[in-house]
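Enquirer: One structure coming up, written as structure tokens, with questions to follow.
The values are calculated or read from the model by the stated rules, or taken from the named source; none is laboratory data. Small disclaimer: the values here were computed from a predicted structure and weren't measured. Neighbour counts are summed over all protein chains in view; Cβ atoms, including those assigned to glycine, are modelled from backbone coordinates with ideal geometry.
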Amino acid sequence: MAKGSAIERWPMDFYEVIRTRRSVRSFKPDPIPDAVIKRVLEAARIAPSGSNRQPWKFILIRDERAKKEVAKLCHGQSFVAEAPLVIVACGRRIDFNRGDYMGDMSMLVDVSIAVDHLVLAARAEGLGTCWIGAFDNSALKGFLGIPEEYNVVAVIPIGYPAYDAFRETSDRKPLEEIICHEKFQ
């Protein structure tokens, strides 16, 4: 680990983080310490991206009125504004055609990797998140002053859960149902 890195410790076992991460839709009003936010954002910053392009920007929103407007633009999902922090993950269109079909929206892959790092780091810190994909991209861009070459990829409310949210689930397909060997079966 680089000296002076924002990530100084990992508070939980990685597999425990993955097993117990859940979408949280009710938050305590408790503020998140700046050091914790910095570690979570550092996890997103160091995420891999194609050709190390890092086509992301993260907008941190704490203002109550702004959070309410963002929640409204997330198709009225009012719980978004309940979180002490809302992060809007944006991606810059890049001239790269992943898989020969993604075109300038291939940044969705890179930004999604960074958001996943952020979400898992938040869980490791005892924070809840909910990856919001239902939003009005044009309206959010206008409200937040996001430039034309960027689009919103995700909105992430983040805070301490108001309930016991971190449990394993059995509501997943078995491994045998999602893997194939040598070819699609």
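Enquirer: Being of a type outside the set (D, E, K, R), in contact with a Lys or Arg (Cβ under 8 Å, 6 or more places away or on another chain) and more than 30 Å from Asp34 (Cα to Cα), is that true of even one residue in the range 171-185? Lay out the reasoning, then the answer.
Expert: Kept after step one, since they are of a type outside the set (D, E, K, R), are these residues of the range 171-185: 174-175, 178-181, 184-185.
With in contact with a Lys or Arg (Cβ under 8 Å, 6 or more places away or on another chain) added as a condition, the list becomes none.
No, every residue in the range 171-185 fails to be of a type outside the set (D, E, K, R), in contact with a Lys or Arg (Cβ under 8 Å, 6 or more places away or on another chain) and more than 30 Å from Asp34 (Cα to Cα).
Enquirer: Could you grab me the full set of residues in the range 152-176 that are closer than 27 Å to Lys141 by Cα and β-branched (Val, Ile, Thr)?
Expert: Once the filter is applied, which keeps residues that are closer than 27 Å to Lys141 by Cα and β-branched (Val, Ile, Thr), the range 152-176 yields Val152, Val153, Val155, Ile156, Ile158.
Enquirer: So, one more: So, in the range 94-119, of the ones that are surrounded by 13 or more Cβ atoms within 10 Å (Cβ to Cβ) and of a type in the set (Asp, Glu), which residue ends up farthest from Ile37 (Cα to Cα)?
Expert: Filtering the range 94-119 for residues surrounded by 13 or more Cβ atoms within 10 Å (Cβ to Cβ) gives 94, 96, 98, 102-119.
Adding the requirement that they be of a type in the set (Asp, Glu) leaves 104, 110, 116.
On the way: Asp104: 30, Asp110: 21, Asp116: 15 Å.
For the range 94-119, the residue satisfying everything is Asp104.
Enquirer: Next question, about the same structure. Could you list, in sequence order, all residues of the range 50-69 that are touching a helix residue (DSSP H, G or I) at 6+ places or on another chain (Cβ under 7 Å), closer than 14 Å to Cys90 by Cα and either of a type in the set (Gly, Ala, Ser) or not in a strand (DSSP E or B) (or both)?
Expert: Passing the criteria: Arg53, Pro55.
Enquirer: May I pose another question? Just to check your reading of the model, which residue among Val88, Val17 is in a helix (DSSP H, G or I) and either under 15 Å from Ala154 (Cβ atoms) or within 19 Å of the chain's Cα centre (by Cα) (or both)? Working first, answer last.
Expert: Values: Val88 fails: in a helix (DSSP H, G or I).
Exactly one residue qualifies, and that residue is Val17.
Enquirer: Then there is this: Looking only at the range 27-45, count how many residues are exposed (fewer than 15 other Cβ atoms within 10 Å of the Cβ), not basic (Lys, Arg) and not in a helix (DSSP H, G or I).
Expert: 4
Enquirer: Sticking with this one: What tally of residues in the range 59-80 results from selecting those that are among the hydrophobic types (A, V, I, L, M, F, W, C), more than 15 Å from Gly133 (Cα to Cα) and surrounded by 17 or more Cβ atoms within 10 Å (Cβ to Cβ)? Give the steps one after another, and end with the answer.
Expert: First, pick out the residues of the range 59-80 that are among the hydrophobic types (A, V, I, L, M, F, W, C): 59-61, 66, 70-71, 73-74, 79-80.
Within this subset, residues satisfying the condition of being more than 15 Å from Gly133 (Cα to Cα) are 59-61, 66.
Imposing the further condition that a residue be surrounded by 17 or more Cβ atoms within 10 Å (Cβ to Cβ) reduces the set to 59, 61.
Number of matching residues: 2.
Enquirer: Cβ contacts < 6 Å: first residue within 26 Å of Val36 (Cα to Cα), restricted to the range 126-152; second residue among the basic types (Lys, Arg) and at pLDDT 95 or above, any location; separation 6+ or different chain. Result?
Expert: The qualifying pairs are Cys130/Arg25.
Enquirer: Among the residues that make up the range 126-145, is at least one of them farther than 20 Å from Gly91 by Cα and at pLDDT below 95? Reasoning before the result, please.
Expert: We begin by selecting, within the range 126-145, every residue farther than 20 Å from Gly91 by Cα; these are 126-128.
Next cut, at pLDDT below 95 only: 126.
The answer is yes; a qualifying residue exists.
Enquirer: Can you pull out every residue in the range 120-145 that is surrounded by fewer than 19 Cβ atoms within 10 Å (Cβ to Cβ), closer than 18 Å to Leu73 by Cβ and over 11 Å from the mean Cα position of the chain (by Cα)?
Expert: Hits for the range 120-145 are Ala134, Asp136, Asn137, Ser138, Ala139, Lys141, Gly142, Phe143, Leu144, Gly145.
Enquirer: Also, quick follow-up: Residues in the range 106-128: is at least one more than 22 Å from Arg45 (Cβ to Cβ) and touching an Asp or Glu at 6+ places or on another chain (Cβ under 9 Å)? Give the derivation first.
Expert: Of the range 106-128, the ones more than 22 Å from Arg45 (Cβ to Cβ) are none.
No - not one qualifying residue is present in the range 106-128.
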